[in-house]
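Taking it in order: structure first as structure tokens, then the write-up.
The values are calculated or read from the model by the stated rules, or taken from the named source; none is laboratory data. Note that the coordinates shown come from a computational prediction; the quantities given were computed from them, not determined experimentally. Using ideal geometry, Cβ is built from the backbone for each residue, glycine included, and neighbour counts are taken over all protein chains shown.
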Amino acid sequence: MSKLYLQKNLLGFEVHYDENRPLTLYRAREELPRTDSPKPCFAPIYTPSGTLVTEYRPSDHTWHTGLYFGWVHANGVNLWGGPWYLPTTKKYEHVDDSHGQQRHENFTQFTSDDAISVSETLSWLDAHDAPFALEERTYSIEPVPGGTRWHIATQIRPTAESLVLGASRAARYSGLELRMGPPFAEAAHYDSEGRIGHEAIMRQRARWVAARGASGGCVAMMDHPNNPRHPVTWFTRKNLLGAGLLMEDDLEIPQGQRLDLSYAFFVLDADPGIDAWEAHYKAFCST
């Protein structure tokens, strides 16, 4: 396993497998249309052999930005991007002055010893740029046989009144989401409970979900046992993988409390199989 390389840049930071092989770019400060509900994201992401994992701002959903946290609405603010799903009309429609922003404030940690570790603070802003929640995230990335293992942890705190996270869209997706690129456009999903195919996994509970690319590459996302509503319900489509924390119900964080979330994410050249994923999951649970 080779050492990973961390480098700061104007957008945020980038990680490389070596001098010539990029792993990912973290876009913390990119200027995007407010209707996309700007949010930091990882895009692109590549496997060690160079297979592209992500799709960034596709024409059909420009607010899908690789690997990111998106919240359909938080205290009535659209932190996902795009039109709202209105239950009264059962249609997606644009709503003026409704889009917020997850604004990167600063990086508080940059280390690159045995693993890459970066921490940042973010403010959640409403449509008029008034803050209503604070977030602290840490991304740890380390080499494993065949690729990399990521640990994504975040703490979300209301700044004043309680914070209500909701998902009014018909699909009720919200939270950590991966929009997969062309090599994964027809990804083959399977989960910890033995289900195969994104249709079978959609809205079902599982500890982890993996997805293979049609021409190589494999990714997986894992839900930590300490997360609320574990094992999480999953949002899966042929090119999407997300931990659907709000698929069954909204979630309220009272004033003075916080929401802690922890996920593992893997980017590999080849599918290691169920036994390997279970071993990885056991190791993740011990962190």
Review point. What are the residues in the stretch 246-287 that are modelled with pLDDT under 95 and within 22 Å of GLY194 (Cα to Cα), if any?
Key: MET247, GLU248
**Study point:** Count of residues meeting criterion [among the polar types (S, T, N, Q), more than 26 Å from THR111 (Cβ to Cβ) and touching a His at 6+ places or on another chain (Cβ under 8 Å)] in the stretch 122-170
**Key:** 1
Study note, to complete from the structure: Filter the stretch 126-159 for residues that are free of Cβ contacts under 8 Å to residues at least 40 places away in the same chain and in a loop (DSSP other than H, G, I, E, B); the one that is nearest to ALA220 (Cα to Cα) is THR159
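Return the total of residues in the stretch 255-287 being within 24 Å of TYR68 (Cα to Cα) and touching a residue at least 24 places away in the same chain (Cβ under 8 Å).
Let us first name the residues in the stretch 255-287 that are within 24 Å of TYR68 (Cα to Cα), namely 257-271, 277, 280-281, 283-285, 287.
Applying the additional criterion that residues be touching a residue at least 24 places away in the same chain (Cβ under 8 Å) yields 257-271, 277, 280-281, 284-285, 287.
Counting residues in the stretch 255-287 that are within 24 Å of TYR68 (Cα to Cα) and touching a residue at least 24 places away in the same chain (Cβ under 8 Å) gives 21.
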Point to revise | Residue in the stretch 21-39 that is over 19 Å from ILE152 (Cα atoms), more than 19 Å from the chain's Cα centre (by Cα), part of a strand (DSSP E or B) and not hydrophobic (A, V, I, L, M, F, W, C) present | key: yes
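For the stretch 44-84, which positions are farther than 30 Å from CYS218 by Cβ and either surrounded by fewer than 18 Cβ atoms within 10 Å (Cβ to Cβ) or β-branched (Val, Ile, Thr) (or both)? Give the derivation first.
The first filter runs over the stretch 44-84 and keeps only residues farther than 30 Å from CYS218 by Cβ, leaving 73-78, 83-84.
Of everything in the stretch 44-84, those that are farther than 30 Å from CYS218 by Cβ and either surrounded by fewer than 18 Cβ atoms within 10 Å (Cβ to Cβ) or β-branched (Val, Ile, Thr) (or both) turn out to be GLY76, VAL77, PRO83.
A quick yes/no check of all residues on (1) over 26 Å from VAL144 (Cα atoms); (2) part of a loop (DSSP other than H, G, I, E, B):
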{"site": "ALA200", "(1), (2)": "yes, no"}
{"site": "ALA210", "(1), (2)": "no, no"}
{"site": "GLY216", "(1), (2)": "no, yes"}
{"site": "GLN255", "(1), (2)": "yes, yes"}
{"site": "PHE265", "(1), (2)": "no, no"}
{"site": "TRP277", "(1), (2)": "no, no"}
{"site": "TYR281", "(1), (2)": "no, no"}
Check your understanding: Do we find that GLY217 is touching a helix residue (DSSP H, G or I) at 6+ places or on another chain (Cβ under 8 Å), within 23 Å of THR24 (Cβ to Cβ), crowded, with 19+ Cβ neighbours inside 10 Å and not polar (S, T, N, Q) in this structure?
Key -> yes
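Looking only at residues in the stretch 80-125 that are among the aliphatic types (A, V, I, L, M) and either assigned to a strand (DSSP E or B) or without any contact (Cβ under 8 Å) to a residue 12 or more places away in the chain (or both), which one is nearest to GLU161 (Cα to Cα)? Can you show your working first?
Of the stretch 80-125, the ones among the aliphatic types (A, V, I, L, M) are 86, 95, 115-116, 118, 122, 125.
Subset that is either assigned to a strand (DSSP E or B) or without any contact (Cβ under 8 Å) to a residue 12 or more places away in the chain (or both): 86, 116, 118, 122, 125.
Details: LEU86: 25, ILE116: 35, VAL118: 29, LEU122: 18, LEU125: 14 Å.
Going through the qualifying residues, I end up with LEU125.
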Point to revise | Number of positions in the stretch 160-206 that are within 30 Å of THR89 (Cβ to Cβ) and surrounded by fewer than 21 Cβ atoms within 10 Å (Cβ to Cβ) | key: 13
